[in-house]
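All remarks here apply to the structure that follows.
The values are calculated or read from the model by the stated rules, or taken from the named source; none is laboratory data. Small disclaimer: the values here were computed from a predicted structure and weren't measured. Cβ coordinates were reconstructed from backbone atoms using ideal geometry, including for glycine residues, and neighbour counts include every protein chain displayed.
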Amino acid sequence: MISFLGILFDGLAYGVLLFLISVGLSVTLGLMGFINLAHGVFAMAGGYLLVTLTGQFGLGLLASLPVIFVLVALGSLVLERVLYRPLYRATPLEQVLLTVGIIFVAVALATWLFGPGQQPLALPPYLDGQLSIGGLDLSRYRLFLIGVGIVITLALVFGLERTRFGARIRASVDRQQTAEAMGIHVGRVFQLTFAIGSGLAGLGGALGVNVIGLDPQFPLKFLVYFLLVVVVGGPGSVSGTLLAALLLGVADIASKYYLPQIGAFVIYAAMILLLITFPHGLLGRRRSS
Amino acid sequence: MMKQPGQLPPYIQALRSRERWRGAEIAFWLSWVAVYFLFPDSLLFASQILITGLFALSLDLILGYAGIVTLGHTAFFGLGAYTAGLLTTHGVHEPLLGLAAAAAVAALAGWLTSFLVLRGSDLARLMITLGIAMLLLEIANRATGFTGGVDGLQGVEVGALLGLFAFDLYGRVAYCYVLVVSFCLFVLVRALMASPYGLTLRAIRENQRRAVAIGVPIRTRLTNIYTFAALIAGVAGALLTQTTQFVGIDVLGFGRSADVLIILIIGGMASLYGGFLGAVAFLLAKDQLASLDARYWLFWLGLLLIVMTLYLRGGIMEGLRKLAALTRWSRT
Amino acid sequence: MTPALETLDLCKSFGGLKVTRNLNLTIAPGARHALIGPNGAGKTTLINLLTGVVRESSGSIHLNGADITHVKPHERVRRGVSRTFQINTLFAQLSALEAVTNVICERERERLNVLQRRFFPLSQRRGEIDEAFELLERLKLADDCLLQTRYLAYGKQRLLEIALALAGRPTVLLLDEPAAGIPEGESDELFAVLAELPRGISILLIEHDMSLVFRFAERITVMVDGAELVTGTPQEIAADARVREVYLGTRHD
């Protein structure tokens, strides 16, 4: 039975995935103003890593997750060093082109290594199936997702608000030059933030294999959604990204059920309207350069 | 600098010489005429290259001259394509009318959406333009009765040009048609860029702050050029419909947007010819590699993009300019 | 006599920071008026306010008696307010001749029809180009006028800054530290240019080079923390104890 609560639930789970993947992009965009369209590649990498780890190496799903986080984070650092860093001061167009190039290469590699089709993933029995809560049959896996989402959101908020490193990140997003003058090594902060953000994306991609699917076209198919979440939420704002991701998740699922004829139309129109009204995002901070 | 009576002062002469048609330019356009005689079996392909070059030129006006990064320029191409197609399915078969209608529709759309691209951050702008393009793609997808959806618009029948020249199977008439239209539009754009108006556009791109400080109305100028660029894109789309007698949904796709950006990177921006040169290089390469696996094409394309943005800025035109500078030793 | 340019209780705050406080500045017609003050006094912000690039928080600005507080920046230029920038803000890949011609064509825009403006080549605008060349000749920039701006020497670029502002035939000229980057004592060429400017142009000069200020100005306003401290003749300012206190004992004669 498709009820409103059920749709809300599904939408929230979807939103959590979008948040996990997009939050890294939002913070690094707010931090460095670098337009990284290839962020979805990290998510895709996480997904394929999960498939490989659980399939070929027989690792459990829960055990794989931290491994994936670390591997993707490290990999992203290499990419940052070699490809991104030379273009920090380049024009937005050049950044767009570089990252589009990275997407193309990643898509081609993924097709070559894994084939063009969707990846099947077998869920461990304790995450499979439904759980009955308050008369509703809720998917165990989606419950798990929302749980993970809450944990990570709390960790991020705590990390940003309570730790010194978090304070450094916030300072660097708000006023880069002042932060540097205060002795904050913005470059280091950025590297670490970039790694964490990419690791989270990998995590999101891995967790999403069963919900939104995984194929080599992933970075292209979902590019608009990630960018949408970041831009509407406001680059640099974790809470903004969360809000936008949850909104988009619920709106997308809801429109598929209630307005199947119009589909994505509503989403795009809403995005355009939101961007016109809030050119810097719902909760975005203006970057001072 | 001594002025001889009746003779032009040197600085006027210098400006004039830059506006004159170079030998290389004339050679360029003559070679397209030569293609008609030298490659009679590939005229349809040659038409595609010209159309893509024209589309790239229209994007160059916004990107290279005005500095606006947009991912949604295909919207105007697609609008022009569908307008031309729909006109024929509703009984109007004269291609020139289709061209005019496509130009008008695309220009109107450009004018209406121009305010969207003149505000907000770069990223917001990118998203808005991308969003509009995807919106139109969705509409085209859904309104199957109108547009034919994924299968494309069927029943496009383009009549004889001026009632005299019917489009033949070998694409001979089509090619001449595309070449003449492209050349005429090119001449128009060239004149525009060489005029005082073109100078203000360059000033806006060079230093927007100073342009405001010398009294240039930035918003009006950018709106104009955006509308004009949309018009040309619409014409290019119409040409595609009329020469292939078909409108596929890919005229609105992201692939075409990405392709034409790549073409401008390869060819070089703000140079009038970068779009055409890039189109030649890109489409020839794509054609050669088409027989290979699609995966390889994507991989090498991606690699090319990465290498070009990291090491080779400016594309073919920049390379040619450097060559010309070496031979002519001029810094103006 | 109507002032060429005046501000009435002009205020500007960025968030909690008051950058301009109740400024009542009057520039008489034909004035040679200098604005001095320590760094951070808000002098460049004032120019941005006067040209309309920054919106005021309260107060008004009047050009020759007319209220231009809500007039757009490019419109103010057309009404006769021109400025130069403290840091060279030039068109790097345009030649000096092209840049100045651009200003003049923009100024004369109404006189031309659509074809002349948009489709006929630039070289046909003989009148405008000749005028541009003459202006460059007067500022000793004619020799390199076909060279791209980015290849010009710094001092020449500084003069081009002024040329671009003059080409608009302004009635009010706002000069933001024209001697910036030029070693004190080498500003003679610049001073010669400024001294030759016609009385039809009312000039507000912001400067740190005191030798230039005291040679050029007939009236000086001292600005501190966004507000006016004192206005007077050069002699009065030099003798004012408050100015000495605020400033660091500058020698000027």
| query | In segment B:129-145, how many are within 22 Å of the chain's Cα centre (by Cα) and more than 7 Å from chain A (Cβ to nearest Cβ)? | reply | 4
| query | Based on what the data block shows, is A:I253 of a type in the set (A, V, I, L, M), farther than 16 Å from A:I21 by Cα, crowded, with 18+ Cβ neighbours inside 10 Å and touching a residue at least 12 places away in the same chain (Cβ under 8 Å)? | reply | yes
| said: Being of a type in the set (A, V, I, L, M) and either under 18 Å from B:V35 (Cα atoms) or not in a strand (DSSP E or B) (or both) is the filter here; which residues of segment B:148-176 pass it? | reply: B:V150, B:V156, B:V158, B:A160, B:L162, B:L164, B:A166, B:L169, B:V173, B:A174
| task | Working only within segment A:75-124, note down all residues that are more than 7 Å from chain B (Cβ to nearest Cβ), polar (S, T, N, Q) and over 21 Å from the mean Cα position of the chain (by Cα). | result | A:T91
| task | Under 8 Å between Cβ atoms, at least 6 apart or on separate chains: pull out the pairs that start in segment A:112-136 with a residue that is within 16 Å of A:V209 (Cβ to Cβ) and end on any residue that is of a type in the set (V, I, T) and surrounded by 10 or more Cβ atoms within 10 Å (Cβ to Cβ). | result | A:F114/A:V51; A:Q119/A:V51; A:Q119/A:V209; A:L121/A:V51; A:L121/A:T54; A:L121/A:V209; A:A122/A:T54
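Residues are listed down the side, and each one gets a yes or a no for (1) more than 17 Å from C:V103 (Cβ to Cβ); (2) within 14 Å of chain B (Cβ to nearest Cβ); (3) surrounded by 14 or more Cβ atoms within 10 Å (Cβ to Cβ):
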{"position": "C:Y154", "(1), (2), (3)": "yes, no, no"}
{"position": "C:E161", "(1), (2), (3)": "no, yes, yes"}
{"position": "C:G168", "(1), (2), (3)": "no, yes, yes"}
{"position": "C:S187", "(1), (2), (3)": "yes, no, yes"}
| message | Exactly one of these conditions fails for A:T111: (1) under 30 Å from B:R125 (Cβ atoms); (2) assigned to a helix (DSSP H, G or I). Give me its number. | response | (1)
| message | Among the residues of segment C:75-92, are any within 14 Å of chain B (Cβ to nearest Cβ), assigned to a strand (DSSP E or B), within 27 Å of C:A180 (Cα to Cα) and over 17 Å from the mean Cα position of the chain (by Cα)? | response | no
| Among B:G110, B:G85, B:G98, which is in a helix (DSSP H, G or I), under 30 Å from A:L29 (Cβ atoms) and more than 9 Å from chain A (Cβ to nearest Cβ)? | B:G110
| said: Taking the condition of being crowded, with 19+ Cβ neighbours inside 10 Å, β-branched (V, I, T) and within 21 Å of the chain's Cα centre (by Cα), how many residues in segment A:52-74 meet it? | reply: 2
| Before we move on, is A:Q191 polar (S, T, N, Q) and either closer than 19 Å to A:L20 by Cα or part of a helix (DSSP H, G or I) (or both)? | yes
| Would you say A:V209 is in contact (Cβ under 8 Å) with a residue 40 or more places away in the chain, under 20 Å from A:L25 (Cβ atoms), in a helix (DSSP H, G or I) and among the β-branched types (V, I, T)? | no
| Mind checking which pairs have a first residue in segment C:12-38 that is under 19 Å from C:V243 (Cβ atoms) and of a type in the set (A, V, I, L, M, F, W, C) and a second that is surrounded by fewer than 15 Cβ atoms within 10 Å (Cβ to Cβ) and modelled with pLDDT of 90 or more, Cβ under 9 Å, 6 or more apart or different chains? | C:L23/C:D9; C:A34/C:E218
| Would you pick out the residues in segment B:209-223 that are in a helix (DSSP H, G or I) and free of Cβ contacts under 8 Å to residues at least 12 places away in the same chain? | B:R209, B:R210, B:A211, B:V212, B:A213, B:T220
